[in-house]
Every structure is written in structure tokens, then in C-alpha cells.
Amino acid sequence: MNPILNEATTPALSNNTAKVTERYVHIEDVGMQFVTKKGTFEALKNINLSITQGEFVSIIGHSGCGKSTVLNLIAGLLQPTTGNLFCAGREIAAPGPERAVVFQNHSLLPWLSCYENVYLAVERVFGSESKVQQEARAYAALELVGLSHAVEKRPNEISGGMKQRVGIARALAMEPKVLLLDEPFGALDALTRAGLQDELMRIMQKSGATAVMVTHDVDEAVLLSDKIVMMTNGPSAGIGEILEVDLPYPRKRLELAENVQYNHLRSEVLKFLYERHAKKVA
């Protein structure tokens, strides 16, 4: 989404800074095992991935391939059994405000208004600021997702799509360096989902944040992403292929429907999922 920074395009950057920018989120030889009643289950094996600052990366694969586990590792909600993860040159050892998560379930507190749900996150991250500054951050985040008119409404008074937008606003209000999205539109109807995908594209281009999204939706992955990471089936799931999405911005879904490159990329993801790594049905 943002141009890749390197020594050729940005001579002022030091070698170390350039490496951090090019490997902003870096996953190095990561494996993940879980202890179950039946013994040790190896969910992930030898995961290696580098994400450039400003990139939008989608992780796609069949159910049970470890997509959400990768996201939780980046979030710091899980610690890898083997290997290391880094963000902006620092090892990921725990959750942090520089990495904000948007879940499929919006997780809003039902007794708080839209504004109060966002303000709660702002207060935690920017506690040293004045109340006026904190309030401004919360209102700005809600304005960014088009919800200025609903700041006083509670979750039970708004639609599913609006709830998800509040969840995105809450995450963006923290000014994260990395936005992590776990199937954020999976529970929504097709029209609402399409509208929020367009909204997310606009927001990400405006904010310039790095994003990692887990999805089952091939069209969503191609539409939104700079890079699509395709996972093999578990157990011992890994990265099968990485597809670069070289479609220019701004992307308009109706125009892309007849775009040769878009349909080629879509076909490549479908071939990976349903031919080279088809899910076996028991």
C-alpha cells in the first residue's frame, strides 16, 4: 500500500532502519504446539514471513490450518513453541498497544455507547494526555469510520455492520503500528461486507498502517491485499505460497470484476485451495 522503503529509494535511511522497514513484522522459524488430552498437537511448523511497513497482508487457507494462531502469535496473545516474532525490530513477547486486534465478534461492552467503547481504549493507551485530547481521539476515530452520527448509541441500537465499524474505530483510536483483523466481516451479509471492505480500503490508505487479516474469502483477499499468504492444511501447517497482488490503488470492485489480472490472481488462490491443497473430507 505504501511504497517499499529501501536504500535505493530512501538514501537517508541507515541499513538497520531499512531492514526494519522492509521486515516490519517478521516471523522467523516459528512452530506452535498445543498440549491436548490426546498428546501434543503441532499446529504450525517452520513459519517464515516478512511484512513491509504499510503493507496489507491477508492469510488464507482452509479451516484448521492455523490462520488465527498466526494472528494471535503476532498479537502476542500466544507465545511460539519454537522461533521468534518481531515488530519494528523488537521481539514480540506480549500484547502491546502498537498491535491492535479486530475480531469477528466486535466485543463491544453493551452498557457503553459507541463513543464510550472507543474512549475506553484511548484512555488506556493515552492515559498521560488530557481528557480533552483523549476525547478528540475517540471522536476522530468514529468520524474516520463514518459513525459521527451514532456516538451516543449503544450496541443494541445499531446494525451488525455499524458494530464492526465501532470495533475498527476502537482499534484505530489506539494508533497501532499494526492492525490485526481476524475475519472481521465473516458474520455479516454480503452487501454489508462489501461496504465495509471498501471502507477499510479507504481507512488503510489514509492511515498508512500495516495490516494483517485472516480470511476465508478469496475475493476479499484479492481486493484488499498487497500480499496473500496461503496456508497448507494442518496438522503441522505451513506457508504454501505467497502471492503478490500488483493491482493499482484505488481499487474499485465493479471495475475489477472484468480486470484480467484480478481474475488471474483470484484463479491462482482458488487453484491453491481447491487443487494443490484441497481439504480432505472425512
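The values are calculated or read from the model by the stated rules, or taken from the named source; none is laboratory data. All figures in this text were calculated on a predicted structure; none of them were measured in a lab. We place every Cβ from the backbone using ideal geometry, glycine too, and count neighbours over all the protein chains shown. Keep in mind that these areas ignore ligands, DNA and RNA; they rest on the heavy atoms of the full protein, side chains included. Shrake-Rupley method; radii C 1.70, N 1.55, O 1.52, S 1.80 Å.
Remarks
- The angle between the Cα long axis of helix 190-207 and the main principal axis of the chain comes to about 80°, on a 0 to 90 degree scale.
- The value of relative contact order for segment 27-117, using C-alpha pairs under 8 Å at least six residues apart, is 26 percent.
- Computed FRET value (nearest 0.05) for Leu120 with Glu244, which takes r as the C-beta separation and R₀ as 45 Å: 0.75
- Structure-derived Rg and Dmax of the Cα atoms in Å: which label, when the choices are (1) 18.8, 54; (2) 19.2, 58; (3) 17.5, 50: (2)
- Magnitude of the charge dipole, the chain, Cβ model with Lys/Arg +1 and Asp/Glu -1, debye to 20: 580 debye
- Lys252 contributes an accessible area of around 120 Å² to the protein surface, as traced by a 1.4 Å probe with all chains present.
- Within the assembled protein chains, the solvent-accessible surface assigned to Asp182 is about 30 Å², based on a 1.4 Å probe.
- Rolling a 1.4 Å probe over the protein heavy atoms leaves Met162 with an accessible area of roughly 40 Å².
- Cα-based helix-to-principal-axis angle, 114-125 vs the chain, degrees rounded to 10: 70 degrees
- A simple spin-label model places pseudo-atoms 7 Å from Cα toward Cβ; at Arg154 and Gln33 they are separated by 4.8 nm.
- Helix-only CD estimate at 222 nm, as mean residue ellipticity for the chain, using -39500 (n - 2.57) per DSSP H run (n ≥ 4): -10500 deg cm²/dmol
- In sequence order, calculated HN-Hα J values of segment 130-136 (Karplus, 6.51, -1.76, 1.60; Hz; x Gly/Pro): 6, 4, 4, 5, 5, 4, 4
- Gaussian network model of the chain, springs between alpha carbon atoms under 10 Å - residue of Thr192, Thr210, Thr69 with greatest fluctuation: Thr192
- For segment 58-76, the residues whose backbone nitrogen is under 20 Å from a point 7 Å from the Cα of Ala187, taken along Cα to Cβ, are 63-64, 67-69, 71-72.
- Summed residue charge, Cβ within 14 Å of Arg251's Cβ, Lys/Arg positive, Asp/Glu negative: -4
- Rounded to 0.05, the FRET efficiency of the Phe41 and Ala94 pair, given R0 = 22 Å and the Cβ-Cβ distance, is 0.40.
- Choice from Gln205, Gln164, Gln133 showing the highest fluctuation, given a GNM over the chain with Cα pairs closer than 10 Å: Gln133
- C-alpha long axis of helix 260-271 to longest principal axis of the chain, angle in °: 60 degrees
- Paramagnetic reach from Ser236 in segment 39-83 [backbone N under 19 Å; point 7 Å along Cα→Cβ]: 39-48, 62, 64-67, 70, 81-83
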